[in-house]
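Written below as structure tokens is the structure these notes are about.
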């Protein structure tokens with residue numbers, strides 16, 4: 001009875017599918033079936049009901065899951081405490097908000113590579129709403145996202161906050177005086193996707209002005225910046241991702257007589273079996289953010 005077989009069993013129990021578990025543990029479906037057959041032969045019991053469309057645990061399977069999770073968790077703690085970091089292997093699926101990808105993600109990847117040279121990272125850049133869903137559905141192991149994930153069994157660890165600033169192309173000839181909300185609502189606004197916090201806050205600011213403000217939303221920060229540089233509207237974005245545009249004067253900052261909340265980012269990950277390295281990566285992320293703050 002080895003750790004690989006226990007991990008495979010746990011993923012089938014979580015995902016309800018041999019095929020999905022095979023993808024998650026990077027094995028062929030026949031290999032996954034063979035591992036479970038080996039476990040069942042050793043134990044002398046069936047662990048899964050295979051008759052229904054979705055595979056479910058038998059009564060003995062549910063009982064075995066408790067012990068399998070304990071063993072996998074203990075194995076992770078043992079490796080973290082005793083083994084050389086180079087001996088810790090595996091793949092971590094990391095979901096990242098694009099704002100973080102534009103700021104400190106490269107430094108984090110470097111730190112993870114130094115601490116765990118045998119760990120592979122699979123990076124997925126997406127909007128925070130999608131990252132939250134993917135974490136809940138076990139499609140990623142950890143998410144660096146706006147806000148957090150309010151689900152049982154998920155730990156949210158505060159990472160950083162980025163103030164938003166209003167910017168526009170010099171082509172729009174926006175003056176130096178602070179702009180009223182009435183004036184702001186007369187300009188097209190380019191911002192984060194619908195249902196995101198920045199979009200909803202901006203919509204709440206301009207809607208009472210009765211100007212039928214055009215709000216162009218995009219899930220791509222690069223697209224938002226490009227459209228703003230081209231003079232298609234104004235934007236509220238973190239200054240940290242606009243250093244090049246501000247220094248070359250292709251974008252200029254202007255003030256608005258209204259406050260926008262900071263973008264607050266968290267690391268979200270599951271507590272429980274196999275989470276030791278994931279938690280260590282979250283701690284490395286915190287250290288990376290701290291290092292950037294001290295450097296500034």
note: segment 73-218, Cα-Cα separations exceeding 24 Å make up a percent value of 50 percent
Whole-Å distance linking the alpha carbon centroid of segment 137-192 with that of segment 207-286 is 4 Å
Expressed to two decimals, segment 1-140 has a Cα Rg over Rh, using the Kirkwood radius, of 1.02
For segment 211-257, using Cα atoms only, the Rg and Dmax in Å read 11.1, 33
Here the relative contact order (percent) of the chain, from C-alpha pairs under 8 Å and at least 6 apart, is 22 percent
Sorted on mean Cβ neighbours within 10 Å (highest first), peptides 169-181, 150-162 come out as 150-162, 169-181
Residue span residue 150 to residue 259: 0.36 nm per residue of separation minus Cα-Cα distance leaves a gain in nm of 36.6 nm
Dividing the surface of the Cα convex hull of the chain by four yields a projected area in nm² of 18.7 nm²
Once both label points are put 7 Å beyond Cα along the C-beta direction, the residue 82-residue 180 separation in nm becomes 7.2 nm
Here the alpha-carbon Rg of segment 164-261 over 2.2 N^0.38 Å rounds to 0.97
Per principal axis, largest first, the Cα atoms of segment 3-82 extend in Å by 42, 26, 20
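All of the numbers you see were taken from the coordinates with simple rules; none came from a lab. Bear in mind that the values here come from a model prediction, so they are computed numbers and not experimental data. Quick reminder, even Gly has a Cβ in these numbers, built from the backbone with ideal geometry, and neighbours come from all protein chains shown.
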